Each structure stands twice: as C-alpha cells, then as structure tokens.
Amino acid sequence: MPTIDTGDTAWVLASAALVMFMTPGLALFYGGLVRSKNVLGTVMESFIALGVVAVVWFVAGYGIAFGRDVGLVIGAPSGLTFGGAGADPVAFAPTIPGSAFAAFQMMFAVITPALIAGAFAERMRFGAYVMFIGLWSLLVYSPIAHWVWGGGFLGANGIGALDFAGGTVVHISAGAAALATILFIGKRQGYPRRAFIPHNVPLVLLGAGILWFGWFGFNAGSALGANALAASAFVTTHLGAAGALIGWLTAERIRHGKATTVGAATGAVAGLVAITPAAGFVEPLPALLIGMAAGVVCFFAVDLKGRLGYDDSLDVVGVHLVGGVTGALLTGVFATLAVNPAGADGGLAQVGRQAIAVGVTFGFSFVATLAILKVVDLVMRIRVTPEEEEEGLDVSEHGEVAYTLRERSPRRGRIPAEMTEAELQVLREELVLEAAARVMAEVRAGDLIEAEAKPVRRVYRQA
C-alpha cells in the first residue's frame, strides 16, 4: 500500500482551502462589476455554490468523475458518498488520503458553475439558478472531469490531451455553458443602449487579488504534492497572470487611450485562466508568453462583444472560454517532458490532441447546458420579469439591499434609509425640485433688487 506523505497531505489540504477562498473572491469580483441594485444577487450566485455543489459532489459528483472507469466515458462510484474515498490513498494521488483528494477536487467543482453566473448576471431567478447549478455540476462538470482527469477518453488513457489544472474541465466547459445560457435567456433590458457601469471598482480589484492568491492553490496544488512540480506551477501561474495583465493593458491603451483598473483586474484573470492547463507542463518563459498572448486575445474578444450583439454581462465568454482555448492550444505548443515526465513534448500532434479536447468539451457543455436550461425553464420560470429586473435582484429575489444610504430630506431630516431604486428615484426628483425652487427664489429676489434699483439709476442720470 502506498505510504501517506504528511507534507504532501498538508499542501493539498492548504491548496483546497485556497481554492475554496477563490469562490468568495469571485463573488467580490463579479459583485463589483454589476450595478448596485444587483450586487447581493450576484454575490449569492457564487456563495450558494459552496453549499449546493459541495453536496452534489459529496453525494454523486466525485464518484462520476473519479470512480472506476466504465468504457472511458464515466466513473462508477465504489461507495455512497465521495465515491468511497476515505483514509486510504487513491490511484490519482498515491501519497495523500483519498478524502483529501476528493475535498481538493470538490473546490474545483464548486467554483466552475459559479463562473458561469457572470454571463447572465442581473437577470436569472435565484431558485432557477440553484436548480441549474446542481444539475449542471452533476451532468456536465463531473463527466468532463472524468474524460480528462479520471481515466476517460480525452486524458492520458485516451487521446492524451494535457490539462494540468482545468483549462478544459473548468474554463472551457464554463465558457461554453455561459454562451449557451446568454443565448437562451436573452439580453438585459436596455442593452446595449443603456450604460451598465461597474458600481464598485475597488471591490473588483479586491476580488481579482483574492482570485490571484487562491490560484496558487488551484494550479500548484494540482501537483498533488509538496514537490518541484508544485514549485514550477507556482512560478508559471504568477508569470502567466503578470504577462496577461501587461498584454491586456497594452492593447487597451493602444485601442482606447486609457489603461483602466477594471482592465488590469480582468487581464490578470485572463492570464490565470490561460496558464491553468499549462502550469505543470511548461517552463517560465513560455508561461509569460502564454499570459501575454491571452491578455491581448481576450481583450479583443471582449472588445468584439458589442459588434457580435450578445449580452455577456461580465465577459465570461471573452475571458474564460477564449482564455481557456488559448491556453489549451498553447499548452500543445510549449509543453515539455523536462518539466513534467507525465506530460508530453509540444508539437503539431499535441496541438491536434488539445484541439480535439477543446472541441469535445465545448460541444458537450454547450448542448447539455441548453438541455438543462430547457428543463429548468419548464419546471420554473428561469428569468425575472421586466419589473423585477428594473427593481433589481437584491430586492426582487432576496428582499434586501447591499448598502444603507443616508439621504437628506426636508421632511425627515437626515435619516438612514434602506431604499429601492424606485424610492431613490423619487427622492432624487424631490431634491431636484427643491434645488430648482431655491434657484427660482434667488432669481426672483434678484429681479426685485433690480426693479428697486432702476428709479435710483434714473435719478442719477437726470442729475
């Protein structure tokens, strides 16, 4: 029986905690990008996954993904929970307890459907969303994880596509699902005529920083041990993000004349996405190049969104789908056995294997997501009403507001008030009318002074 290594176990458990922390980071990142009336609804779409998807993974998802292989297509659980994983090591991670491996993989399963939510932010009902992520995690994520990592036909036992930490399993599958969802659910009211401006940019940057921090567990933890491969993946992860940040801001400055804070945050995330499949297969310089390429490619993919006419609220397609595809294909170019003997050397043949994995993952996730959405929509209405969308999901879906505002009112003095958007609009109109009344009073007073001054000027001229 393989011997459990305490150092490896400690690192994988710590990495699982880092990946778990990424989901609240994603909540802040997405929450800052939406309008203030939808921030709680958006944050909840990430936070609820920590509960719903974790239970699905514990009950059935892990067994489907990493259970005994059946025909290179699906896993067969060997137990009722966690697929039977317990204190003994499993073949995928022979130096740590099976429960540690299952917990680490659980955090990947949790964040993946939460990524999708950014595409349809501000317009899906909460109950429908909960049903959707539960079904999607079980029927889409878990099978793809088996195909790539669990002994299925796309991974080492099949065609030999490389995906160190989730370029295809996490990001391409989520990006394809995001595209399917926004096409199914439709555009937000007023898009693209109305401006949809991020309400809290510092929150976006904080969320991006937490994601960057957690991504070291995401990628370096996928070495499944405290070893040289983990160190290599740690370095390539940071260089990929750094390169993409620079690439995105350079393209943005050339294209629009400004390097924005939101652009910096989004560019860094694009680089983290792109380096994910390659982190444990490439050397540092190629990691930097992959990141820079992803920053530029993802910037133009997002910039093209308006011309193509689809409403991807928070650019999940442009960042996760396009970034995942970019990283997966470039893994086939730059991979080397010198970094990871379990991988492959880059070349045209490996690029072809990567392209097959990309195509299969995209096609399956897209079609299966449409089918799940149709089922959910038949069971319960999936989109909020126009009135609920205008009011905001914070109030219409959750009955609360994110911020307590203090507004001055002539009737009530200065009081704390939790207000809906409609109530705020009424208050704004009152304030405008008050200001207009003060201006008119001053104008009338000025006219009176002018009228009283005219006889004095006439007397002065006569004299």
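The values are calculated or read from the model by the stated rules, or taken from the named source; none is laboratory data. Please read all numbers here as calculations on a predicted model, not as lab measurements. Cβ coordinates were reconstructed from backbone atoms using ideal geometry, including for glycine residues, and neighbour counts include every protein chain displayed.
Among residues belonging to region 149-189 that are among the charged types (D, E, K, R) and more than 25 Å from Val90 (Cβ to Cβ), point out the one that is surrounded by the fewest Cβ atoms within 10 Å (Cβ to Cβ). Steps first, answer last, please.
So the first thing to find is which residues in region 149-189 are among the charged types (D, E, K, R), and the list is 163, 187-188.
Remaining after also requiring more than 25 Å from Val90 (Cβ to Cβ): 187-188.
Values: Lys187: 15, Arg188: 19.
Per the stated criteria, the residue is Lys187.
Regarding region 106-118, can at least one residue be identified that is within 25 Å of Tyr310 (Cβ to Cβ), assigned by TED's automatic domain parsing to the domain that holds Val204, not basic (Lys, Arg) and not in a helix (DSSP H, G or I)? Within region 106-118, one or more residues are within 25 Å of Tyr310 (Cβ to Cβ), assigned by TED's automatic domain parsing to the domain that holds Val204, not basic (Lys, Arg) and not in a helix (DSSP H, G or I).
Exactly one residue out of Leu308, Leu337, Leu348, Leu370 is in the same structural domain as Ala156 (by TED's automatic domain parsing), under 25 Å from Gly190 (Cα atoms) and without any contact (Cβ under 8 Å) to a residue 40 or more places away in the chain, and it is Leu308. The single condition among (1) over 28 Å from Gly25 (Cα atoms); (2) in contact (Cβ under 8 Å) with a residue 40 or more places away in the chain that Arg125 does not satisfy is (1). Give region 247-265 a look and list any residue that's touching a Leu at 6+ places or on another chain (Cβ under 9 Å) and within 16 Å of Phe29 (Cβ to Cβ), or say none. Listed by number, the residues that qualify are Thr260, Thr261, Val262, Gly263, Ala264, Ala265. Note on region 131-162: residues that are assigned to a helix (DSSP H, G or I) and aromatic (Phe, Trp, Tyr) amount to 4. Considering only region 336-366, state which residues are touching a helix residue (DSSP H, G or I) at 6+ places or on another chain (Cβ under 8 Å), among the polar types (S, T, N, Q) and not in a helix (DSSP H, G or I). Of everything in region 336-366, just one residue is touching a helix residue (DSSP H, G or I) at 6+ places or on another chain (Cβ under 8 Å), among the polar types (S, T, N, Q) and not in a helix (DSSP H, G or I), namely Asn340.
If you go through region 367-406 and pick out every residue that is buried (at least 20 other Cβ atoms within 10 Å of the Cβ) and part of a helix (DSSP H, G or I), you end up with 10. Kindly indicate whether any position in region 72-89 is out of contact with any strand residue (DSSP E or B) (no Cβ under 9 Å at 6 or more places or on another chain), touching a residue at least 40 places away in the same chain (Cβ under 8 Å) and within 24 Å of Asn227 (Cβ to Cβ). The answer is yes, given that some residue of region 72-89 is out of contact with any strand residue (DSSP E or B) (no Cβ under 9 Å at 6 or more places or on another chain), touching a residue at least 40 places away in the same chain (Cβ under 8 Å) and within 24 Å of Asn227 (Cβ to Cβ). With the structure loaded, tell me whether Ala93 is surrounded by fewer than 20 Cβ atoms within 10 Å (Cβ to Cβ), in contact (Cβ under 8 Å) with a residue 60 or more places away in the chain and over 30 Å from Tyr191 (Cα atoms) or whether it fails that test. So Ala93 fails the test.
Results for (1) buried (at least 24 other Cβ atoms within 10 Å of the Cβ); (2) over 20 Å from His171 (Cβ atoms); (3) touching a residue at least 40 places away in the same chain (Cβ under 8 Å); (4) assigned by TED's automatic domain parsing to the domain that holds Trp11, shown as yes or no for each residue.
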| position | (1), (2), (3), (4) |
| --- | --- |
| Trp215 | yes, no, yes, yes |
| Phe218 | yes, no, yes, yes |
| Ser222 | yes, no, yes, yes |
| Ala228 | no, yes, no, yes |
| Phe234 | no, no, no, yes |
| Ala259 | no, yes, no, yes |
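Note on region 48-88: among residues that are aromatic (Phe, Trp, Tyr) and modelled with pLDDT of 90 or more, the one that is farthest from Ala103 (Cα to Cα) is Phe66.
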